[in-house]
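Below is one structure; the comments refer to it alone.
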Amino acid sequence: MATVGRAALLIALLICAYGVIAAVYGALTGRREWVESARRSVYALAIALTVAFGILELAFLRSDFSFAVVAGHSSTSTPTFYKASAMWSSQEGSLLLWVWLLSLWSSLVVFLTRRRMREVVPWATAVLLGYGAFFTALLVFAVSPFDTLAQPPADGAGLNPLLRHPAMMIHPPMLYSGYTLFAIPFAFAVGALIAKRVDAEWIRSTRRFALGAWLVLGIGIILGARWSYNELGWGGYWAWDAVENASLMPWLTGTAFIHSVMIQEKRGMLKIWNVSLVLATGILCVLGTFLVRSGILDSIHAFGASTLGVPFVALIAGMSLGSIALVVWRRGLLRSEHRLDSLLSREAVFLLNNLVLVAMCFVVFWGTFFPLISEAVTGEETSVGPPWFSRYTVPLALILVLLSGIGPLIAWRRATATNLRRTFAIPVACGVVAFLALLFVPGVPQKPLALAMFALGAFVAGTVGQEIWRGTRARRAMTGEPLPLAVTSLVRRNRRRYGGYLVHLGIVVLFVGVAASSTFQTASDHRMSPGDTVRVDGYDVRYVRATAEVGNDPSGTGAMLSLGAVLDVSKDGRHVTTLRPARSFYPSNSTASGPVEWLVAGEPTSEVAVRSGPLKDFWTAVNPDMTRFQEVIDQGDKAVAADIPEMQQPMVAFRLLRDVIAPNYVENPPPAMFRMISSPLVAWIWIGSLIAIGGGLIALWPAPDAARRRATATLRARVAQDLGRA
Amino acid sequence: MDPARKRRFRLVAALTAALVLAGGLVYTSFSAGSPAKTPSELLASAEPGGSYKLTGKVVEGSIRHEGDTLLFSVRDRDGTTSVPVSYTGSVPDPFREGREIIVTVSRGAGDTFVAEKDSLVTKCPSKFEAEDDAASDMS
C-alpha cells in the first residue's frame, strides 16, 4: 500500500507541474483548450491526493506499523477515535492534510468559475497548482509519509495523551481549512493583477471563499482556546503562544479584508489596500503553517525542529517579493475611482477599522517574532510576555468594538448631523445606561478598561438590536407579516448584512467574556489532604477523598491510571456542586523502566473539572504528590522483577497496580496540589463564538439567487420590450 | 487649503501617527522583554533583581516539593551546569525530569533563583519521544 501512496504523491507532483505549465501557456496564448486542461488537472490532483490521504488514514486506522509514521504516532492501545486523528499529529500527515484540503477547495473554485473570468482563472489556477507543487514536492522529497520500516514494531509509540481530546479531530483540520481556503482569494488576486482585471469581479467570485476561510479559521482558533481551557491544566484559554498567534494573524487581516472589499464593491476605492491585504493574508497563512511545524520559536506547540525551514522560508520570501512586485507593477491600474468625501462616513469608519485590525496584526507579529528580532539586533534572545501583548491589543480591541457599533449605522459618503442623531440615539443610550449601571457593581469601576469594554458592548448590542428592529418594522409595514416571519424573511433576504450584524454581536459578547474573565479572575494553588477545606472567591472547597481508577477511563483517552479527587464545593453552607478533577497516567513508550512503572511512566495529563454557569465558572485541576507513590511503584517493580518470570511480568504488574497500589493510594492518600480558578462570564466566550459562527454561516449561506436571476431576467425582458416599443 | 494639500496633510499626519505608535511598540518591546538565558549564562551574568527567561532541561532527580513551593534544578541543554530554582504556581502537565522548560526567574541569594509565579512553560513534543532509541532513527 505504501508503494501506491508514494506513486499517488509522485503522480500528484507531475500533475501540478503539468497543470502550471498548461495554465500559463493557455493564459499567454489565449488557447482555451490548455486552460481547460489545467482546470482538469486540478481535479486530477484532488483525486491523486485523496488516494494518498485515504491510504495513510487507512494505515492509521488499521494500525499498520510497517508505515514509519504510524509506528511513530499511533499504537494499538490508542482509542480508534484518536487513531484517526493521530495522522495529523505527525509532520508528514499534517502536510498531506494541508495539500489535500487545498486540492479540494481548488477543485471547487475552478469548477464554480469554469465559465467566468476567462483572463483571471488561468493565472489563479497556476498559482493554486504552484502551491500544490510545493507541498507535494515536500512530501515526495523531504518528508515522505509513506516511508516503511523493514521490521515493523509490535506496537507503536502512541498519540501523545495531551492530544487526546475530541478537539484533536476538528481543531487542526479547521485551521488548515482556513489556511488553504485563504489561498484561493490569494490566487485570484494574483491572477487579477497579472491579467489586469482588478475590478470587483475577482472579489465577488472569491468572496464566499474568503468568508468561509475567515469562518473556519475562527472556529479553529476558538476550538484551540476551548481545548487549552479544558485540557492543559493551567486554566487559561489564550496565552499569546507563537502558534496561537500564527493563526490569529491571518484571521485579523482576513477580517480587515472582508470589510474593506465592501468599499471596493460599493465605491471602487481601496483597490491597492484590498489586494495588499489579501496577498498578506495568503502569506501569513503559509507563515502560520510554517510556525506550527518548524519549532523556530519557543512554543507549547513546538513539535520538534524540522528540516523544512529552508524551503518554507524560500516560499514565504518568494511570495512576499512576488506580491510586492505585482502590486508595484500594477499600481497604475489600482487607482481609486473615488475619493474619501468625509471622515464622518462609512468609508472612513471601515478604513479606520482596517487600520486597527492591521495594527493589531502588526502587534501580534512583532511580539511573536520578537525573540528572532531581538537576537538579530542585540545578539540576545529576549521575548515579550502576555502583559506586553495586552498593553497594545486591549486598547485596539476597544476601538475595534466601538467602530463595529458605528460602522453599520453611519451613512455612506458623508453623514449629516441629523443622520447621526437619528441613528445613534438609542445605541448610545444603551452604552451610557450600561456604563452608569456598572458603576454600582462593586469592583468594576476600579477596572476602567473592563468597564469601557462592557459599555461599548452594550452600545454595539444596541446598534444590532436597533438595526434588526427597524428592518423588521419596515418589513411588517410593507408586507403585514407577523413578527417572527418578518424577522426571518428580513434576515433571509439580506443574509450578508444581518449575518454580519450577528457576527458583530457574537464577537462583542466574546470580548465581554474575555474582559470579565481576565480582569476579575481569582486563581490560587493549594496543597490539601483529604478533609482539608479552603476558601476560594467565596466558595468553600473541601477535599472529600482521593480516587484511583486503573484501566477504566471514562473519557476514553486510553489512560492506564487516573488519580483523582472528590471536591465538595459549597457557598455559605449550601452545597453547590461536586467536582472530580483527576490526573491521568499513560503507559510509557520506552522499555527502560520496570514493569509497573512502565504502565504509568508516559506523559501525564490533567482531567480538569469545571462547573460552568452563565455568571461564573469554577475550574479545578489536581496534581497528586507522586513522591511516595513512586516509592511504592519502585518496591512493586523490585518484587515483580525478583519473583515473576519475564513473560508474566506485564500481567502481574497490571494486577499489582489495580489490586494493591491504587487501593493503597485511595486509603492512604498523600497531599495533592490543587489549582482552583473562579472566573466570571467565561461561558460567554463560547456563547459569543457560537453566535458569531451562526452569523458567519448565515452570511455564507447561498442567497436564493436562482429565483432572483429569474426575476431580473423577466424584468429585463419587459424593459427591452418597452424600449423596443418606444 | 485646497483639497489636494489637505489630503497630503492628512496622509502625512496619519503616517506620522503610525510611525510614532510603531516606534513606541518597538521601544517597549525591547525594554519589556526579558532575555532568554541558559543556566551557565545566568550564573555568569545575572544581576540580583534582574528578570530573566531561563531555558534548559529539568535535572533528573531534582524535583522536590516543599509546601506550596516546587524546587528543581535546570541544566544547560547540552551540558551539566545547573541552577536551582524555587517555583510557585501552576505546573504545566508535561513538566517532568529531563523536559525542556522556560521559566522567568530573578536572582535570589547566592546562586539560587526565584521564579515568577505561574511563569513555567514546558515544551511539549507531539509524540512520545524515547530519549535515545529507535524513534530517533526514523526522523
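The values are calculated or read from the model by the stated rules, or taken from the named source; none is laboratory data. Everything quoted here is computed from the prediction, not taken from an experiment. We place every Cβ from the backbone using ideal geometry, glycine too, and count neighbours over all the protein chains shown. In case anyone asks, the SASA skips ligands and DNA or RNA and just uses the protein heavy atoms, side chains included. Shrake-Rupley method; radii C 1.70, N 1.55, O 1.52, S 1.80 Å.
One table, with the values for the structure above:
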quantity	calculated
Descending Cα extents along the principal axes, the stretch A:484-561, whole Å	61, 35, 21
Antiparallel DSSP beta bridges within the stretch B:36-137, as percent of all bridges there, nearest 5	80 percent
For residues of A:599-606, the mean tally of beta carbons on other chains within 10 Å	3
Estimated FRET transfer efficiency when R0 is 30 angstrom, pair residue A:687-residue A:580 (beta carbons, to 0.05)	0.75
Carbon + sulfur, % of accessible area of the stretch A:522-684 - ligands and nucleic acids excluded, 1.4 Å	52 percent
Where only C-alpha atoms are counted, convex hull volume of the stretch B:1-86 per residue in Å³	160 Å³
Helix A:495-519 vs. chain A, principal-axis angle (Cα, 0 to 90°, nearest 10)	40 degrees
Calculated P(r) of the stretch A:179-247 - Cα pairs past 21 Å, %	43 percent
Paramagnetic label zone (point 7 Å from Cα along Cα-to-C-beta, residue A:147; backbone N under 13 Å) in the stretch A:58-102	A:67-73, A:91-93
Accessible area of the stretch A:472-516 belonging to carbon and sulfur atoms, whole % at 1.4 Å probe	64 percent
Carbon + sulfur, % of accessible area of the stretch A:1-164 - ligands and nucleic acids excluded, 1.4 Å	67 percent
Total accessible surface hidden between A and B, rounded to 100 Å², 1.4 Å probe	4000 Å²
Helix-only mean residue ellipticity at 222 nm for chain A, each DSSP H run of n ≥ 4 adding -39500 (n - 2.57), per residue, nearest 500	-22000 deg cm²/dmol
Shielding score for B:92-101, defined as the mean number of other chain Cβ atoms within 10 Å	4
Segment residue A:446-residue A:417, length gained on full extension (0.36 nm per residue, minus Cα span)	7.0 nm
Burial order of peptide ranges A:620-631, A:595-606, A:322-333, A:276-287 (average beta-carbon count within 10 Å, highest first)	A:276-287, A:595-606, A:620-631, A:322-333
Inverse mean reciprocal Cα-Cα distance (Kirkwood Rh) of chain A, Å	28.6 Å
Karplus-derived HN-Hα couplings along the stretch A:529-541 (A = 6.51, B = -1.76, C = 1.60, θ = phi - 60°), whole Hz, x at Gly and Pro	10, x, x, 6, 10, 10, 10, 10, 6, x, 9, 9, 10
In Hz, Karplus ³J(HN,Hα) per residue of the stretch B:52-63 (6.51, -1.76, 1.60; θ = phi - 60°; x = Gly, Pro)	9, 8, 8, 10, x, 10, 6, 5, 4, x, 9, 7
Positive-pole candidate from A:151, A:211, A:50, dipole of chain A, charges at beta carbon	A:211
Placed amide H near residue A:481: partners under 5 Å, 5+ positions off or other chain	none
Nonlocal amide H pairs with residue A:564, under 5 Å, H built at 1.01 Å	A:547, A:548, A:549, A:583
Rounded to 10°, Cα long-axis angle of helix A:201-231 versus longest principal axis of chain A	20 degrees
Convex hull volume per residue for the stretch A:1-76, taking Cα atoms only, in Å³	71 Å³
Filter on A:571/B:117; A:447/B:53; A:266/B:6; A:83/A:616; A:83/B:117 - keep pairs with C-alpha separation over 32 Å	A:83/A:616; A:83/B:117
At least 30 Å² of accessible area lost relative to the chain alone, listed for the stretch A:140-183 with a 1.4 Å probe	A:160, A:162
Within 10 Å of each Cβ in B:23-30, the average number of Cβ atoms from other chains	4
Helix axis angle, A:627-643 relative to chain A longest principal axis, alpha carbon, degrees	60 degrees
Percent of Cα pairs exceeding the 30 Å cut-off, where the set is the stretch A:522-684	24 percent
Lys, Arg +1 and Asp, Glu -1 on Cβ, resulting dipole of the stretch A:1-111 about Cα centre, debye, nearest 20	180 debye
1.4 Å probe, heavy atoms, protein only - residues of the stretch A:624-640 losing at least 10 Å² accessible area vs chain alone	A:625
Order by protection proxy (mean Cβ within 10 Å, highest first), peptides A:657-667, B:112-122, A:680-690	A:680-690, B:112-122, A:657-667
The protein assembly as shown - share of DSSP beta bridges that are antiparallel (%, nearest 5)	95 percent
Sequence ranges A:221-227, A:83-89, A:439-445, B:21-27, ranked by mean other-Cβ count within 10 angstrom, highest first	A:83-89, A:221-227, B:21-27, A:439-445
Cα-only Debye scattering, the stretch B:36-137: base-10 log of I(q)/I(0) at q = 0.17 Å⁻¹	-0.73
The stretch A:522-684 - percent relative contact order, Cα under 8 Å, separation 6 or more	27 percent
Cα Rg, Dmax, the stretch A:1-164, angstrom units	17.8, 58
Surface accessible to a 1.4 Å probe, per residue, for the residues of the stretch A:435-491, Å²	53 Å²
Relative contact order computed over chain A (Cα-Cα under 8 Å; 6+ residues apart), in percent	10 percent
Under 5 Å, built H, 5+ apart or other chain: amide partners of residue A:381	B:36
Two-site label geometry, residue A:612 and residue A:439: point separation in nm, points 7 Å out along Cα→Cβ	3.6 nm
Under Karplus coefficients 6.51, -1.76 and 1.60, residue-wise ³J(HN,Hα) of the stretch A:168-181 in Hz, glycine/proline x	4, 6, 10, 4, x, x, 5, 4, 5, 4, x, 4, 6, 5
